[in-house]
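First the structure, in the form of structure tokens, and then the observations on it.
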Amino acid sequence: MSITNLLNNWSFYRNKRPYRGQYDLNKEYSEYKWAMALDLDICTGCNACTTACYAENNLPVVGKKRFHHGQVMHWIRIERYWDEKMVDFPEQGASFLPMMCQQCEAAPCETVCPVGATSHTNDGLNSQNYHRCIGSRYCSANCPYKVRYFNFWNYPSTAWPAPLPDQLNPDVTVRTKGIMEKCTFCVQRLNEAKSRARTEYRLVRDGEVVPACVQACPTSAITFGNIVDPNSKVAKMWKNQQVDLYKDLQEKDNTVRGYRILEDLRPFPSVMYMERIRDTEA
Amino acid sequence: MSESGINRRDFLKVLGLGGSSLALTGCGNTDIRSGDELIMPNVSPEDFVVPGLSVFYASTCTQCGSACGVMGRVREGRVLKMEGNPQSKISGGKICGLGQAAVQVQYNPDRLTQPMMKVGNGLQPVSWDKAMATLNEKVGPKSGIKGENFAFMTGAMSGHLKVLVQNYLDSLDSKNHFAYEALSPSIGFAANKQVYGVDMPRLHFDKAKLIVSFGSDFLGTGASPVHFAAEYAKFRKAPRGTLVQIEPKMTMTGANADRWIAIIPGTEGIFALGVANQLLKHSEFTNTVPAGIASLVSKYDPETVSQITGVRPELVGHVASLLWEKTPSIVISGASAEGHAHGVQNAVAIQLLNKILGNVGKTIDGQAKSPFPQIAPEAGSFSSLKAMNDAMGGGKLQAVFIHGANPVFTAPSFMGFRDNLRKVPFKVAFVNAADETAQECDLVLPILTAVEEFGSNIAWYQPEGVEITMQQPLMNKLYPDTRSMGDIMLDLVKQRRADEYKNWPDFFSYLKAAVINMKPAVKYTDTDEHFWYDTLSSGVIHIDAPQEQIGDSFAEAALSLPEVQNVQDPKFPFYLVPSERHYFRDGRHANCGWLQESPDPLTTIVWDSWVEIHPKTAASMGIKEGDYLEIASQNGTLKVKAYLFPGIHPDAVSIPLGQGHESLGRFANGVGVNPFTILNPVFEKDTGELAMFGTRVSVKKTSDSEIVVKDEGPVSTQMGRKLVVTLPADVAQLSKEI
Amino acid sequence: MINTFEERDVAVEKRFIHKEKDIREDIAWAQINKDVLKSLERPRMLFWVIFIASLALFMVGVSCEIYQYQTGMGVANLDNPHVWGLYIGTFIFWIGMSHSGTLLSAILHIMHADWRKPIYRFAEAMTTFSLMTAGLFVMVHLGRVWQFYYVVAYPNERWTWPNFQSPLVWDATAIFTYLTSSMIFLYIGMIPDLAICRDNATGFRKSFYTFLSLGWMGTDRQWANFRVTYLTVACFLIPLAVSVHSIVATDFAVSQQPGWHITSFPPYFVAGALYSGCAAIITLFIVLRYVFRFEEYMTMPILEKTAKLTFAIAMVWTYLNLVEYSSTWYGDDMYAKQALIYRATGDFAPYWWMMNFLGSVVPFTLAFKRIRNNIPAMLVISILLNVGMWLERWMIVSPTFANGIYPWTWDHDQWPSLVQWGIVAGSFGWFNMLFMLFCKIFPSVSMYEVKEMVYHRSLVRKGTEDATQINPELAVEGGIAS
């Protein structure tokens, strides 16, 4: 965003943020804007996504002591909540919530990074540039979901005793101490698919590429895709659930399940959750 | 230069790309200095290896008994990640975390990399020649080992390796194949046999409107979690089915239930009969249900049931009315209902509901019958451990082989398994890592992991037809001094029957020949070679076999539930629920960092064991989270940290299985406790299986306390935030959704 | 009020006869030079005790930092999401401390409060050194300190710039500007004194001071230029000081975190900064007075005036603090209210209440003249006030992380490790060490300004002809302003 741009469009920037094409006035998301839909009713809380993420993204195993100190690196975590009104027993089961980076459109982390290490990509991802990161951790401080994970230790030297490094995914770097990391929507897969599609003069087809968590999920609770493509499943689901990416207050029917978490803080997340259902008569 | 076709610019490019050696190669394959070294390009890939491109190979996951078809992502000759194989009807292209961890088994830093032999009290490395010579000496034709002297313990087994094991035992005239699974489904099998006439019927969750599960954790553990999770997802789509879970300790499945009911362990059968009693009040059932059944259940009115089971009386009628309203339904029993002295009867009483409701044929029918009984799965049982233990204790056994099981770790301490094993003069373990059992053995042979090995597997739960999932190596073996279990077995068989097996130099050729033999059953028309490669590349062989018939009459349902249950024991007032963690099972893969660090879904605890206790009970005993409790049964005491858990019956405490290893590797050793050790000798009456849930314990608070390491923060609710929103099922309009 | 010379004389008479004097007006100028220059020669033993102790403490901090640099930030026992801890808290503390010097030399200079003259030099030194300490914390806090220069907007071949939206970039810019300006201010104000040092020194010191005094001869032209320059820099510094701490406050105020997202933060931070700065001046006043035998110059009335100033600022701070609490309490931000309740009742409650007690209740002791004139009591109170202010900064940073918007990630174990404490302690060592070195090398009392002060006072005292030549209002101001 140049200053000329800012001054010329001052009232626009002041009043409307985010808006379509906010990061480049000349270009909307004309090709890709990756988004997710997550059905909490069929998420069973099994943690397959978490393990898949460890395998795909070279997440270090930190061990008990560091886990205890909150230095765990799970990019996607399954939260388990009990009902606030629970008497004696959780008679309606538990509430599971898979929480990963929400790839917000107006990401609170992006504006505060002093060096611009985290910024928006042209396909709507909230990217994290490891080389640029100096580890001020302001992004994590400002993230309402607390899904950013800081490398408090030099994991490459400790987390993978030989021959475990042989398992590491060569498409993903191993992060050293002192930098922030987070869910990338498996950007290495997306980029591979995009460049493959480009060589064939087409766009990535719906379902052609999914992040590791989506691929693993035994109940297929997570849907992933390109929301710019109106025929993609995820775009249809967002539309069907009456969730608009660029609205902070959704006007929707109460029978519709779609919602985004902490929408009132106006980060405009790219992950839509679908409400858990419980048979109240059971 | 330009005349030779390389101009300066190109030359520089080559230099930049491939480095100097590559450039020099262009000048002819001459040596650098003395002529000893030929200059090779920097990157010299193997066949089928394209640097930078991943290749997916189909194989089978052997982390549990479900035999999911998987794909291994291979790059530069290394397997990096497991994905589901979409061609597999079992996995449907999906995979669980335990399956993901197969690569951590493969690259485990604590893998056994060479044969070990017991010298004194410790294991010393030896060469394979020495190891095989020892095997030949101790169990070969000249050793005199024969028949009753020899036993082969395996885990659950299927496929062609099982055939080889069987053939080896045959060559020794031995019938001692002990297939041991610590968490075997055999009590359920026995009940199913009694009710339906088959070991395992096929369950159609997607067709059911209501699932009433008595302690069956089909989403987490059970027969085929990945498959059932997919079925569950279909069940939850419009029209949304309702799940009712009745169990003493909330499992992952229970956590997803619309109604979760805490029940005193062992009284599930009574509850089922109480529900049956309520159901039979509907006049529609008077014609379909025999009077004998009606009179059998008539004494279980809600009040009586409530007294015995500890469940509120109105819930009995409630479950009955749900079953009445939502048809077809499906009623299933699981480990916590079956692991009792009257486990089979409990399960039969539960399955009786299916018969009353007429679910058989609608949501429950028979599995396809495999045309190859010799490779059919052997699910394993506890009674085989008991039989082997008795044989060892009697001093009959001269040599035992152990593969795929870790009985020293999983056998309850009352059996004295370790001492009995020591009485056997020659013990051989075939392992990936020197586990507790291997430490006791005289010869420990390192075998290939599942991702390095050929093989064939058949799951005992087949969702559609018969699926033989093929295993193929996803990479070359990591350690040169490890060997294929199949090769070893073939060598052993050849000790006595060299002529019969001379056509097969190794297990690969044996397997290939055997699989090609199956070609007619699959109705494959192309050549044998094509069949073999098609099989390997798709990873599965589908056989459309006819279904087994399952009984839908009441004749089989003879019930003899004990009248008096729920007896108070003042010395051991609590029921012990040894819970099966979905990524740990019996603990054989506890040495994977990913699994240790994957939080338990309900408690979110990592890297530890804990005892779940109801907050009310804890409050009455002054127990806080993190207090060390002494959990004592007649057979031992464990000191475990307390975790206050609302999803457990106040009279029960639960300790997860799978931790407490002494010798498995750096990630597992010394982590947590092993509740197998304190189990009481309570056996299921009909099958002789160990009643896992039959142990009573006392709970004593100690003065020690330590922080419980968990992902959960200090609060366990949403604190008024709109994080997980719950919508009543009657408001939601799933049918309009995409 | 004062219309005639007679009335003025009566007022002056009353004041100087019945009240203790800020400074004796009969000190000879040569005596001032001698007394102050003595501080460069042989201080009391306590100087060396403090210096060695500070050096040792600094070495502790350095070794902690080396360990942390080598091993990773994990040794600080920070965690996700509790990613900031004592480092940021102490950073704000030191930034706040730096406001004392600007207050005394720039603000009071412009307000012609001449009692500041004997003590402003060391206050300015405090400004510079506490800014240097604060800057260290920015480095210590970074995960990859070796890349810290990415924050600075420097031209580079890749055309990559820092993110100007980020308050941390504003911070870096503001702190660098403030640091350079305050160093220039300190140095300019010292030039006449350095010339005195030069004139009295021998050997290598002579050449050292000669170099630094920039050929100061005390000519009229030099004095005239000096005055203008000094005043200009002072005027430049005041808005800078206010902006620096406001910007530090925006680090918090522009974020979404509950307990930070408060519009009153900038004035609140500035008030807190002046508060801790004044309290620190009292502490160092007492120490220097003893160590360098400055009893003649750092007199009890000056201490008392500083104490009164501290009290006033403490009340401003308390008011702004209450504004923060009440606006949170009556606002409808659920998260902020929950965070406030957590501060008062949760894991940090003892420190939070201690902060409120030390910051708002303890200063009331300064309302008593007997306490204001009791040196040991003032030493203890001033240190307590600064403990309170340090706690305030910690209470801004940590409880919000431990109890933020997202309940799942509320903290497991947030107690700072010994490494964090070590580096915090080391920062005090570093500051004290620099400060003590400064006082040993440079005149920590401004000789020429004290001379001015004595001269003015003596004129007023004597009521001579000379006194009528100066502005009568100005002459009595020193008395009235206090």
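The values are calculated or read from the model by the stated rules, or taken from the named source; none is laboratory data. The model shown is predicted, which means the values in this text are computed figures rather than measured ones. When we count neighbours, we look across all protein chains shown, and the Cβ atoms used for this are built from the backbone with ideal geometry, even at glycine. Side chains are part of the model used for accessible areas, which takes the heavy atoms of the whole protein and leaves out ligands, DNA and RNA. Shrake-Rupley method; radii C 1.70, N 1.55, O 1.52, S 1.80 Å.
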Worksheet entry | Any chance B:Cys96 is facing another protein chain (nearest Cβ under 10 Å) and open to solvent by 20 Å² or more (accessible area, probe 1.4 Å) | yes
Worksheet entry | Selection count where residues are in a helix (DSSP H, G or I) and under 17 Å from B:Val316 (Cα atoms), scope region B:263-295 | 13
Worksheet entry | Top-ranked residue of region B:228-242 - restricted to ones that are more than 8 Å from every other protein chain (Cβ to nearest Cβ) and open to solvent by less than 20 Å² (accessible area, probe 1.4 Å), ranked as nearest to B:Leu602 (Cα to Cα) | B:Phe228
Item to complete: Evaluate the following for B:Gln87: is it open to solvent by 30 Å² or more (accessible area, probe 1.4 Å), more than 10 Å from every other protein chain (Cβ to nearest Cβ) and assigned to a loop (DSSP other than H, G, I, E, B)?
Response: yes
Practice prompt. Within region A:138-156, identify whether any single residue is open to solvent by 20 Å² or more (accessible area, probe 1.4 Å), at the interface with chain C (Cβ under 9 Å from one of its Cβ atoms) and not in a strand (DSSP E or B), and answer yes or no.
Written response: yes
Fill in: Hits in region A:40-71 (condition: within 12 Å of chain C (Cβ to nearest Cβ), under 29 Å from B:His614 (Cβ atoms) and open to solvent by less than 10 Å² (accessible area, probe 1.4 Å))
A:Phe67, A:Gly70
Response to the item:
Only one of B:Pro562, B:Pro615 is within 13 Å of chain A (Cβ to nearest Cβ) and either surrounded by fewer than 23 Cβ atoms within 10 Å (Cβ to Cβ) or at pLDDT 95 or above (or both), namely B:Pro615
Worksheet entry | Those residues of region A:264-279 which are free of Cβ contacts under 8 Å to residues at least 40 places away in the same chain and within 8 Å of chain B (Cβ to nearest Cβ), in sequence order | A:Asp279
Worksheet item: Which of (1) crowded, with 19+ Cβ neighbours inside 10 Å; (2) away from chain A (no Cβ under 14 Å) is the odd one out, the single condition B:Pro141 does not satisfy?
Response: (1)
Discussion item. Being farther than 19 Å from A:Glu79 by Cβ, among the aromatic types (Phe, Trp, Tyr) and within 13 Å of another protein chain (Cβ to nearest Cβ) is true for just one of B:Phe584, B:Phe574. Which residue is that?
Written reply: B:Phe584
Worksheet entry | Filter result for the condition that a residue is within 14 Å of chain A (Cβ to nearest Cβ), crowded, with 20+ Cβ neighbours inside 10 Å, of a type in the set (Phe, Trp, Tyr) and within 21 Å of the chain's Cα centre (by Cα), over B:Tyr107, B:Tyr180 | B:Tyr107
Worksheet, complete the sentence: Inside region B:618-631, the number of residues satisfying the requirement of being more than 14 Å from chain A (Cβ to nearest Cβ) and open to solvent by less than 20 Å² (accessible area, probe 1.4 Å) is 4
Worksheet entry | Residue in region B:260-293 that is farthest from the chain's Cα centre (by Cα), counting only those that are buried (at least 23 other Cβ atoms within 10 Å of the Cβ) and farther than 21 Å from B:Val360 by Cα | B:Ile270
Worksheet, complete the sentence: Taking region B:692-729 and keeping only residues that are among the β-branched types (Val, Ile, Thr), within 14 Å of chain C (Cβ to nearest Cβ), loosely packed, with under 15 Cβ neighbours inside 10 Å and in contact (Cβ under 8 Å) with a residue 12 or more places away in the chain, one is left with B:Ile707
Worksheet item: What residue, of C:Ala280, C:Ala271, is over 30 Å from C:Asp333 (Cα atoms) and either within 20 Å of the chain's Cα centre (by Cα) or crowded, with 24+ Cβ neighbours inside 10 Å (or both)?
Response: C:Ala280
Worksheet entry | Residue tally, condition open to solvent by less than 10 Å² (accessible area, probe 1.4 Å) and in a helix (DSSP H, G or I), over region C:227-259 | 10
Worksheet item: When A:Asn254 is evaluated against the numbered criteria (1) assigned to a helix (DSSP H, G or I); (2) more than 14 Å from the chain's Cα centre (by Cα), which criterion, by number, is the only one it fails?
Response: (1)
Item to complete: Would you mention how many residues in region C:34-81 are away from chain A (no Cβ under 14 Å) and outside any loop (DSSP other than H, G, I, E, B)?
Response: 26
Item to complete: Say whether the condition of being touching a Phe, Trp or Tyr at 6+ places or on another chain (Cβ under 9 Å), open to solvent by less than 20 Å² (accessible area, probe 1.4 Å), closer than 28 Å to C:His261 by Cα and in a helix (DSSP H, G or I) is met by at least one residue in region C:364-377.
Response: no
Practice prompt. Quick one: in region A:160-187, of everything that is within 14 Å of chain C (Cβ to nearest Cβ) and farther than 21 Å from B:Glu597 by Cα, which residue is nearest to the chain's Cα centre (by Cα)?
Written response: A:Ile179
Worksheet item: Taking region B:642-688, which residues are of a type in the set (Lys, Arg) and within 12 Å of chain A (Cβ to nearest Cβ)?
Response: B:Arg666
Discussion item. With the requirement that a residue be assigned to a helix (DSSP H, G or I) and either closer than 14 Å to C:Leu385 by Cα or within 14 Å of chain B (Cβ to nearest Cβ) (or both), what does region C:328-348 give you?
Written reply: C:Met334, C:Tyr335, C:Ala336, C:Lys337, C:Gln338, C:Ala339, C:Ile341, C:Tyr342, C:Thr345
Practice prompt. Mind listing whichever residues of region A:69-96 are farther than 20 Å from B:Trp594 by Cβ, outside any loop (DSSP other than H, G, I, E, B) and without any contact (Cβ under 8 Å) to a residue 60 or more places away in the chain?
Written response: A:Tyr81, A:Val87, A:Phe89
Worksheet, complete the sentence: Restricting attention to region A:250-262, the residues that are more than 8 Å from chain B (Cβ to nearest Cβ) and farther than 23 Å from B:Ala729 by Cα number exactly 0
